[in-house]
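Visitor: Got a structure for you, questions after.
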2 protein chains.
Amino acid sequence: MTAAQHMVPPEEITTVACAGAGTIGGGWAAYFLARGFRVKVWDPDADAAPRLRRLVDAAWPALTELGLADGASREKLSVHTDMAEALEGAQFIQESAPEKLELKQDLLAALDAEAAAGVVVGSSTSGYSMTDMAQKVQNPDRFVVGHPFNPPYLIPLVEVVGGEHTDPQVTAWAAQFYEHIGKSVITMDREVPGFIANRLQEALWREALHMVDNGEATVEQIDRSITDGPGLRWPFQGPMLTFHLAGGEGGMAHMLDHFGPSLKSPWTRLDAPELTGQLRDSVVSGCAEEDARPVSELVAERDRGIIALRRMIEQMRAVDPIAAAPASQGEGVQDQHQEEAA
Amino acid sequence: MTAAQHMVPPEEITTVACAGAGTIGGGWAAYFLARGFRVKVWDPDADAAPRLRRLVDAAWPALTELGLADGASREKLSVHTDMAEALEGAQFIQESAPEKLELKQDLLAALDAEAAAGVVVGSSTSGYSMTDMAQKVQNPDRFVVGHPFNPPYLIPLVEVVGGEHTDPQVTAWAAQFYEHIGKSVITMDREVPGFIANRLQEALWREALHMVDNGEATVEQIDRSITDGPGLRWPFQGPMLTFHLAGGEGGMAHMLDHFGPSLKSPWTRLDAPELTGQLRDSVVSGCAEEDARPVSELVAERDRGIIALRRMIEQMRAVDPIAAAPASQGEGVQDQHQEEAA
């Protein structure tokens, strides 16, 4: 019996379970509620329920602002310390336990033993491979990584990747399910530690730590170098398109042919790969596949974005003392009792 | 005679010169015009003038939207192929020539020979040290790096750092001048290849190239992992505050104490520095110095920012076919004849 034989089509799912009610699990719960699901949360901590409800209440205005699905209601939330009770009727499970391998292995085995046939389990792990996490489960075919970004109710990205024994149909199903509920899904075809986004931000973070360690920059300088610099471009165009635009009308091809030698510069502690003709062509064609419009048009779009973003930030700062008040008066999302996934 | 003896207070500057009229030099020219200066641009290429005017015209609506200074006018722009003519009356010079060391060395020497006493020269170089660039000048005390981000008329960041022979008073003057004209200035106390922001984005870029090279991710996946993920947080909170929030109520201290071991994970090809007690304390106190508000308040602020940003992006996409039209019809900033600084 395989999970794929029993899976419900993603659009027919009405009830989901969340295993773990911390910041990430609670954020998922809030998001699932906003999408109209009945949400059953399991957490072994008896104090989890009130904390979770505060988190959901704090997130609800934002979710309302972004648009609730028909039938969305906080009344559809239930919290359980008993796992069997929580999984009863659940058609999908999102696991968001603390980031400890052995704990995850035991938890996935327990979920596997309790969950009905055909129920897919997505893990919020920020870096473990499903191959490692699923060592103790009986049915590894239905376990897949579905890695969100914090806060899961606001950041669209979910990275999906299966383990060695995950059924490719399960991976595809999970991607469809997350897309169906409005997420921006990236399906990886192989396991890479840290997936994609965490590898990229971790590279930046490690270089930043080296700079602080060597006294080359302060924490404040590092942050401002991003918020007032490239951070104003990245919500609109990622690092590859950013460099595509850096090539002027010639785009990425010109950029690599012209600035390729700078990859040899001691600009970071990380050495770049050899810029072979094959790598050059992969990057150039990748940019064209991602967005074939002329660079001039991408420049205009980026500029409109930055202007709108800067005006928005100005307006937010202008109203900040008032807007910030609810949080400091106890109504904000201050109830994170455990670490958020970075 | 030193430059410092002859420097005009930053707020009394009325005329600036730009050496080089490419994307970066032209972007600086547009910005200086918007701030009300008379701007004299030198470029040896006779075709530079019409291109520059198109660039300024394309940037002007954005600059108008962000607010023009009293007296700002495109009529205050002049373009010269003769350097002496361009520098006549200029009280500050921004150099934005192509990124070639020998070319920069010769150009700075020529500018030094022509510029009046006390005129400070800021270089837009994206990575060379002023110590290297000023090898051939007679008065290295007045040369300083003032590194902008593209486009210089929209991105606030300017990194300021002097060379071995730069007068610290000149470095301070340049920082004051850039701040006076509305820039977000980071003054570095030592020369580091790539300064700060370029080192950080270069670390990310190099990791991305490795991933493409190994077939671990496509160009499109890399970009979307940023635009739909951490890129939605970085305009509001830089990488250090991002991890400060990742620590929940315990902030960066909890984050480092708890997730420190993950620095040993093979999450990127760049090894992290040893997390010594000293480094830990530097990062923790750096976060507190940058923003002492409780994490709950920072979380609420980030969430408001992400919501507003997502709504803004939705609205931009909704009007995109119309808004994008001018660029594709020949009115956009498509006249980059040379590479943009990344």
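Visitor: Among the residues of segment A:77-89, is any within 20 Å of A:Glu11 (Cβ to Cβ), out of contact with any Phe, Trp or Tyr (no Cβ under 7 Å at 6 or more places or on another chain) and either of a type in the set (D, E, K, R) or touching a residue at least 40 places away in the same chain (Cβ under 8 Å) (or both)?
Guide: Yes, there is a match, as at least one residue in segment A:77-89 is within 20 Å of A:Glu11 (Cβ to Cβ), out of contact with any Phe, Trp or Tyr (no Cβ under 7 Å at 6 or more places or on another chain) and either of a type in the set (D, E, K, R) or touching a residue at least 40 places away in the same chain (Cβ under 8 Å) (or both).
Visitor: When you scan segment A:285-294, how many residues do you find that are within 7 Å of another protein chain (Cβ to nearest Cβ) and hydrophobic (A, V, I, L, M, F, W, C)?
Guide: Counting residues in segment A:285-294 that are within 7 Å of another protein chain (Cβ to nearest Cβ) and hydrophobic (A, V, I, L, M, F, W, C) gives 1.
Visitor: Based on this model, can you work out whether B:Glu249 counts as touching a residue at least 60 places away in the same chain (Cβ under 8 Å) and not assigned by TED's automatic domain parsing to the domain that holds B:Ala17?
Guide: Numbers: touching a residue at least 60 places away in the same chain (Cβ under 8 Å): no; not assigned by TED's automatic domain parsing to the domain that holds B:Ala17: yes.
Considered against the rule, which asks whether it is touching a residue at least 60 places away in the same chain (Cβ under 8 Å) and not assigned by TED's automatic domain parsing to the domain that holds B:Ala17, B:Glu249 comes out as no.
Visitor: Something else: In segment A:134-166, what residues are more than 14 Å from A:Val192 (Cα to Cα), of a type in the set (A, V, I, L, M, F, W, C) and not in a loop (DSSP other than H, G, I, E, B)? Before you say what the answer is, go through the steps one by one.
Guide: Going residue by residue through segment A:134-166, those that are more than 14 Å from A:Val192 (Cα to Cα) are A:134-143, A:148-158, A:165-166.
Subset that is of a type in the set (A, V, I, L, M, F, W, C): A:134, A:137, A:143, A:149, A:154-155, A:157-158.
Of everything in segment A:134-166, those that are more than 14 Å from A:Val192 (Cα to Cα), of a type in the set (A, V, I, L, M, F, W, C) and not in a loop (DSSP other than H, G, I, E, B) turn out to be A:Ala134, A:Phe143, A:Leu157, A:Val158.
Visitor: Would a scan of segment B:220-227 turn up a residue that is more than 20 Å from B:Lys104 (Cα to Cα), among the hydroxyl-bearing types (Ser, Thr, Tyr) and surrounded by 24 or more Cβ atoms within 10 Å (Cβ to Cβ)?
Guide: The answer is yes; a qualifying residue exists.
Visitor: Now for a separate question. Please specify each residue of segment B:95-129 satisfying the condition of being under 21 Å from B:Met7 (Cα atoms), under 19 Å from the mean Cα position of the chain (by Cα) and either polar (S, T, N, Q) or outside any strand (DSSP E or B) (or both). Working first, answer last.
Guide: Restricting attention to segment B:95-129, the residues satisfying the condition of being under 21 Å from B:Met7 (Cα atoms) are B:95, B:108-124.
Next, only the ones that are under 19 Å from the mean Cα position of the chain (by Cα) stay: B:95, B:120-124.
Selection gives B:Ser123, B:Ser124.
Visitor: Can you tell me which of B:Pro273, B:Pro261 is assigned by TED's automatic domain parsing to the domain that holds B:Phe236 and more than 28 Å from the chain's Cα centre (by Cα)? Let's see the steps before the verdict.
Guide: Values: B:Pro273 fails: more than 28 Å from the chain's Cα centre (by Cα).
Selected residue: B:Pro261, the only one of B:Pro273, B:Pro261 that is assigned by TED's automatic domain parsing to the domain that holds B:Phe236 and more than 28 Å from the chain's Cα centre (by Cα).
Visitor: Test each condition in (1) outside any loop (DSSP other than H, G, I, E, B); (2) more than 7 Å from chain A (Cβ to nearest Cβ) for B:Val299 and report the one that comes out false.
Guide: Status for B:Val299: all satisfied but (2).
Visitor: Can I ask one more? Mind listing just one residue for me: the one in segment B:122-162 that is among the polar types (S, T, N, Q) and within 14 Å of chain A (Cβ to nearest Cβ) and, of those, surrounded by the fewest Cβ atoms within 10 Å (Cβ to Cβ)?
Guide: B:Ser129
Visitor: Confirm whether A:Ser282 is assigned to a helix (DSSP H, G or I), at pLDDT 80 or above and facing chain B (nearest Cβ under 7 Å).
Guide: yes
So that you can scan it fast, the table gives a plain yes or no per residue for (1) in contact (Cβ under 8 Å) with a residue 24 or more places away in the chain; (2) within 7 Å of chain A (Cβ to nearest Cβ):
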position: B:Glu164; (1), (2): yes, no
position: B:Pro168; (1), (2): no, no
position: B:Asp213; (1), (2): no, yes
position: B:Thr218; (1), (2): no, yes
position: B:Pro230; (1), (2): no, yes
position: B:Gly238; (1), (2): no, yes
position: B:His244; (1), (2): yes, no
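Visitor: Looking only at segment B:174-187, decide whether some residue is within 7 Å of chain A (Cβ to nearest Cβ) and surrounded by 19 or more Cβ atoms within 10 Å (Cβ to Cβ).
Guide: yes
Visitor: Only one of these is at pLDDT below 95, in the same structural domain as B:Val121 (by TED's automatic domain parsing) and among the polar types (S, T, N, Q): B:Thr81, B:Thr64, B:Thr14. Name it.
Guide: From the options B:Thr81, B:Thr64, B:Thr14, the qualifying one is B:Thr64.
Visitor: Would you be able to tell me the number of residues in segment B:181-198 that are part of a strand (DSSP E or B) and touching a Lys or Arg at 6+ places or on another chain (Cβ under 8 Å)?
Guide: The number of residues fulfilling the criteria is 2.
Visitor: Sticking with this one: So is A:Thr171 β-branched (Val, Ile, Thr) and either surrounded by fewer than 22 Cβ atoms within 10 Å (Cβ to Cβ) or in contact with a Ser or Thr (Cβ under 7 Å, 6 or more places away or on another chain) (or both) or not?
Guide: For A:Thr171, the condition - β-branched (Val, Ile, Thr) and either surrounded by fewer than 22 Cβ atoms within 10 Å (Cβ to Cβ) or in contact with a Ser or Thr (Cβ under 7 Å, 6 or more places away or on another chain) (or both) - is met.
Visitor: Does segment A:246-260 contain at least one residue that is in contact with a strand residue (DSSP E or B) (Cβ under 6 Å, 6 or more places away or on another chain) and at the interface with another protein chain (Cβ under 7 Å from one of its Cβ atoms)?
Guide: no
The values are calculated or read from the model by the stated rules, or taken from the named source; none is laboratory data. Since this is a predicted model, take the numbers as computed values, not measurements. Here the Cβ is made from the backbone with ideal geometry for all residues, glycine too, and neighbour counts use every protein chain on show.
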